[in-house]
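Data first, discussion second: the structure below is written as structure tokens.
The values are calculated or read from the model by the stated rules, or taken from the named source; none is laboratory data. Everything numeric here is computed off the predicted structure, so don't read it as measured data. Note that we place each Cβ from the backbone using ideal geometry, even for glycine, and neighbour counts take in every protein chain shown.
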Amino acid sequence: MRRLAVTLSSLAILVAGPAAAQETRVAIGLSGWTGFAPLTLAKEAGFFKKHGLDVSLKKIPQKDRHLAIASGDIQCAATTVETWIVWNANGVPTTQIFQMDKSYGADGMAVRNDVQKIADLKGKTVAASAPGTAPYFTLAWFLKKNGLSVKDVRVVNLEPGPAAQAFVAGQNDAAMTYEPYLSTVRAAPQAGRIIATTLDYPMIMDTFGCTPKFLAENPKAARALADGYFDAVDMIKNDPKRSFEIMGADVKQSAEQFEASQRYLRWQDRAANKAFFAGPHLQFSKEAADLLLEIGIIKAIPDLSKLADTRFIQ
């Protein structure tokens, strides 16, 4: 019996080994943006693993994320809705499979205290990420809504964190940034003020997507990615304190600091996803594509009807 028990134990180990090895490996590109934090939570809390995934999260600046996809270094990414348009228009095929968040004041423009309105920025210097990124697009959107274009200002390319730090240090007339870095500006009123956010211009929405090749070869993994994300959103609702600790640690914030920064966005659950992809997604994509074409980020608008696959949120 003892020999049989040992044999069965050995067999169990052999069976467990291949099962663990069958986890689908997925490399995801993202940034420290607060809205992407549920991906970190899904990994650290074991939700991705529970659904059979071996996920690695790679911090890659938005301006370089499409290059990592094109090279095969990552298979999936998180970014803003209009960025997928840019990537597809520039020869990097990608497909959105679920929505992550909507910005409710988490993205904004900081200006010096003597700037009374956005139109006053004509001829002034604004720090923003490179063309093709969300902060640059946000700048173009804000300016267009106020009768200007990016050609009317001098853009200095700085990523959101450095842009906020430089602004607080007295550099540049304005800065485009987002949480958690926007809170750096909120905490330094002597440097300037936040003149507009996505509460004034609701246009920043983040989605998660992968290459068509990955989705075709790994449909179960794609659904697992969505399920893992929705599990994380549920955990945030049911255990916010622990969730904020895990997500905050990733961006060197305390649970309290992270809780404060996440107040400016809304993570989207499964029901919100279904409503978004039923109409608003395509509607926004059309307006965004027109602006991207106008400011020269893309030379032609890709087929917008093929930029999302909603099978995995059902």
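So here's what we get for this one:
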read-out: Residue among F258, F244 that is touching a residue at least 60 places away in the same chain (Cβ under 8 Å) and either among the hydrophobic types (A, V, I, L, M, F, W, C) or assigned by TED's automatic domain parsing to the domain that holds W84 (or both); value: F258
read-out: Selection status of D227, assigned by TED's automatic domain parsing to the domain that holds T95 and touching a His at 6+ places or on another chain (Cβ under 7 Å); value: yes
read-out: Set L292, L304: member being in the same structural domain as V86 (by TED's automatic domain parsing), in contact (Cβ under 8 Å) with a residue 12 or more places away in the chain and buried (at least 20 other Cβ atoms within 10 Å of the Cβ); value: L292
read-out: Yes/no for D227 being within 23 Å of A45 (Cα to Cα) and surrounded by fewer than 22 Cβ atoms within 10 Å (Cβ to Cβ); value: yes
read-out: Complete set of residues in the stretch 247-287 that are polar (S, T, N, Q), assigned to a helix (DSSP H, G or I) and farther than 21 Å from P202 by Cα; value: Q257
read-out: T79 being farther than 19 Å from D250 by Cα and β-branched (V, I, T); value: no
read-out: Condition check for S183: assigned to a helix (DSSP H, G or I) and at pLDDT below 95; value: yes
read-out: Test: A119 is out of contact with any strand residue (DSSP E or B) (no Cβ under 6 Å at 6 or more places or on another chain), of a type in the set (A, V, I, L, M) and surrounded by fewer than 17 Cβ atoms within 10 Å (Cβ to Cβ); value: yes
read-out: Residue ID - surrounded by the most Cβ atoms within 10 Å (Cβ to Cβ), chosen from residues in the stretch 130-158 that are hydroxyl-bearing (S, T, Y) and modelled with pLDDT of 95 or more; value: T138
read-out: Answer residue from the stretch 230-262, given it is over 17 Å from Q99 (Cβ atoms) and among the acidic types (D, E) and is surrounded by the fewest Cβ atoms within 10 Å (Cβ to Cβ) among those; value: E256
read-out: Of the criteria (1) of a type in the set (A, V, I, L, M, F, W, C); (2) surrounded by fewer than 15 Cβ atoms within 10 Å (Cβ to Cβ); (3) not in a helix (DSSP H, G or I), which one A216 fails; value: (3)
